[in-house]
Amino acid sequence: MSVSVPTSVAASPGRSANIARAYSFARLSSYSFTDRLLIRAADLVFFLLIKTIGCTVKFTVDGWEHWEAASANGKLPIYAFWHNRVFLATYFWRRRRIVVMTSKSFDGEYIARFIQRFGYGASRGSSTRGATGAVIEMIRLMRAGCPCAFTIDGPKGPRYVAKMGAVLLAKKTGNPILPFTITADKFWKAKKSWDGFQLPRPFTRARVWIAAPISVRADADDAELKAKRDELQRALDELNQRGEVWRDQAR
């Protein structure tokens, strides 16, 4: 399975291969027969669940002008949001060819597959370089014309604590970070998950909150990088607060 890739990308063989790999299913030959079946089953279950619930949700958007600013003058947004909002984020931003980081593991493989069905790309990096390799791959893909996204407190938390990945990517590529959150009026919360994962209820209302883009200079030093991460943290905290106020008023 594959999806179309950005037409603005130069057609060098290496670059084209990197892009094609991000938007295509990986081979499962290294997995056992049972694991291959489970990966394919989990892929379809999550894809159908997100698609079925997502199409019933009524979205409204606050701050779309910030997305337009982050996308102006040939720039590409680096989407940054909290891990527990990934369900609705996957549906809302579908078909934009956004690249996200996934692990080279059983869980990472079925996640990569169902997000690819929604038109996302998956940056897996290398088996030896792990997350560092995936970030390097995201830099290459952004330079080739692909937007990227981070669950900024993932993959294992702490919850609602921003990490440095999006800031480093912004420094290396010159593209702005676009903080956002999606607040569902009604949802089920996974009590035993580290992030308090939110599963929206069918036919709920949801509001997308987008903050002003954050730029990072190419020559930013460690102090400036930390300041930009703190700016991202404040932006996401404010969006969360606005979402909570909206949810309370909606009830």
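Quick note: the coordinates plus some simple rules give every number you see, no bench work behind them. These numbers come from a predicted model, not from an experiment. Every residue, glycine as well, gets a Cβ built from its backbone with ideal geometry; the counts of neighbours run over all protein chains shown.
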note = Simple spin-label estimate for E238/K156, 7 Å along Cα→Cβ, in nm, reads 3.3 nm
message = If you take every DSSP beta bridge fully contained in the chain, what fraction is antiparallel? Give it as a percent rounded to 5.
response = 35 percent
Approximate spin-label separation D222-D35, in nm, with each point projected 7 Å along Cα-to-Cβ = 3.8 nm
key: Filter on K58/K156; K51/K104; K163/K191; K156/K192 - keep pairs with C-alpha separation over 19 Å   = K58/K156; K51/K104; K163/K191
inquiry  = What does the charge count around L28 come to, taking other residues whose C-beta lies under 10 Å from its C-beta (Lys +1, Arg +1, Asp -1, Glu -1)?
reply    = +2
message = Just want the answer: with Cβ charges of +1 for Lys and Arg and -1 for Asp and Glu, which residue in A122, G196, P158 is farthest toward the dipole's positive end in the chain?
response = A122
ask   = Which shape class, rounded, prolate or oblate, goes with the range 13-250 when its Cα gyration tensor gives a ≥ b ≥ c as root eigenvalues, a/c under 1.5 marks rounded, and past that a/b bigger than b/c marks prolate?
value = oblate
ask   = What length, rounded to one decimal in nm, is gained on full extension from A212 through to T60, with 0.36 nm per residue of separation minus their alpha-carbon distance?
value = 53.0 nm
Cβ-based exposure ranking for V61, V100, in which fewest neighbours within 10 Å come first = V61, V100
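Full-extension gain between W246 and S105, please, as 0.36 nm times their residue separation minus the C-alpha to C-alpha distance.
47.0 nm
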key: Residues E137, E224, E65, E109, sorted so that the one with the fewest Cβ neighbours within 10 Å comes first   = E65, E224, E137, E109
query = Dipole of the range 13-250, Cα-centred, from +1 at each Lys and Arg C-beta and -1 at each Asp and Glu C-beta, to the nearest 20 debye?
reply = 820 debye
ask   = Residue-wise, which Karplus ³J(HN,Hα) couplings in Hz belong to the range 38-46, taking 6.51 cos²θ - 1.76 cosθ + 1.60, θ = phi - 60°, and x for glycine or proline?
value = 5, 4, 5, 5, 4, 3, 5, 4, 5
Rounded if a/c under 1.5, otherwise prolate or oblate - the range 39-90, Cα gyration tensor axes = prolate
task = Rank V57, L169, L76 by how far each Cα sits towards the positive end of the charge dipole of the chain (+1 on Lys, Arg Cβ; -1 on Asp, Glu Cβ) and give me just the farthest.
result = V57
